[in-house]
Amino acid sequence: MPNTQSGATFALRDFSPYKEKKNEEYMNPNQKEHFKALLLAWKKELMEEVDRTVSHMKDEAANFPDPADRASQEEEFSLELRTRDRERKLIKKIDKTLELLETEDYGYCEACGVEIGIRRLEARPTATLCVDCKTLDEIKERQTTA
Ligand SMILES: [Zn+2]
C-alpha cells in the first residue's frame, strides 16, 4: 500500500527548517531559494510515489481468479487511483507555486496581503492564504456545505 499523504501537508523525509538571520528581509533570495528547493524535493517524492503506485497496480493486476478477491482488488485499485489523482493535483499545485515563487507574490496572503510566514510555509509550501484567512475560508466552506 502507498503511504497516504495527508492533503497538501508537507511530508518530506529530509527537511531542515530555514534559519533566519537577524533582521532578515521576508522572502529575500535566500528564503525563496529555500522554498524552491523544498518544493522541488516534494515534487520529486510525489512523482516517485505515483510511479510506485503504477507499478504496484501493474504487478497485481489480473492475479485473482476469484470474483471476491477481484472485488477487493478493484476496491484497492480505486483507492490507489484516488491517491494518484490527488498526488497529480498536488504536483500541479507545486508547479503553480514554483511559478508564483518567480514573482513577488509568493509568501503573501492572496486575500489580505499579509506575510504568510516562514514556519507556516514550511508546513504548507503551497499555502496562498494566511492562517486567519484560511480559518475564515474553512468556516465559510462549512457553512455553505452544511
Ligand atoms: Zn490573509
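The values are calculated or read from the model by the stated rules, or taken from the named source; none is laboratory data. Treat the numbers as computed from the prediction; the structure is a model and nothing was measured. Using ideal geometry, Cβ is built from the backbone for each residue, glycine included, and neighbour counts are taken over all protein chains shown. Side chains are part of the model used for accessible areas, which takes the heavy atoms of the whole protein and leaves out ligands, DNA and RNA. Shrake-Rupley method; radii C 1.70, N 1.55, O 1.52, S 1.80 Å.
Looking at M27 and the list (1) modelled with pLDDT of 95 or more; (2) touching a Phe, Trp or Tyr at 6+ places or on another chain (Cβ under 9 Å); (3) under 25 Å from E87 (Cβ atoms), which single condition is not satisfied?
(3)
Could you pull out the residue among D51, D59 that is under 28 Å from S16 (Cβ atoms), surrounded by fewer than 17 Cβ atoms within 10 Å (Cβ to Cβ), at pLDDT below 90 and out of contact with any Ser or Thr (no Cβ under 8 Å at 6 or more places or on another chain)?
D51
Of the residues M57, M27, which single one is of a type in the set (A, V, I, L, M) and not in a helix (DSSP H, G or I)?
Answer to the selection: M27.
Hey, can you tell me all the residues within the stretch 89-111 that are within 13 Å of the ligand (Cβ to nearest atom), farther than 14 Å from F35 by Cβ and open to solvent by 70 Å² or more (accessible area, probe 1.4 Å)?
Of everything in the stretch 89-111, those that are within 13 Å of the ligand (Cβ to nearest atom), farther than 14 Å from F35 by Cβ and open to solvent by 70 Å² or more (accessible area, probe 1.4 Å) turn out to be E110, A111.
For the stretch 68-75, indicate whether the set of residues that are within 13 Å of the ligand (Cβ to nearest atom), charged (D, E, K, R) and more than 25 Å from K21 (Cβ to Cβ) is non-empty.
No, every residue in the stretch 68-75 fails to be within 13 Å of the ligand (Cβ to nearest atom), charged (D, E, K, R) and more than 25 Å from K21 (Cβ to Cβ).
Does any residue of the stretch 64-77 turn out to be more than 24 Å from N28 (Cβ to Cβ) and within 15 Å of the chain's Cα centre (by Cα)?
no
To keep it simple, each residue is scored yes or no on (1) more than 16 Å from the ligand (Cβ to nearest atom); (2) free of Cβ contacts under 8 Å to residues at least 60 places away in the same chain; (3) among the polar types (S, T, N, Q); (4) in a helix (DSSP H, G or I).
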position: E87; (1), (2), (3), (4): yes, no, no, yes
position: T135; (1), (2), (3), (4): no, yes, yes, yes
position: E141; (1), (2), (3), (4): no, yes, no, yes
position: T144; (1), (2), (3), (4): yes, yes, yes, yes
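Within the stretch 101-130, track down each residue that is assigned to a helix (DSSP H, G or I) and without any contact (Cβ under 8 Å) to a residue 12 or more places away in the chain.
Across the stretch 101-130, the qualifying residue is only R120.
Kindly list the number of the only condition in (1) under 23 Å from F15 (Cα atoms); (2) surrounded by 15 or more Cβ atoms within 10 Å (Cβ to Cβ); (3) within 16 Å of the ligand (Cβ to nearest atom) that fails for E115.
(2)
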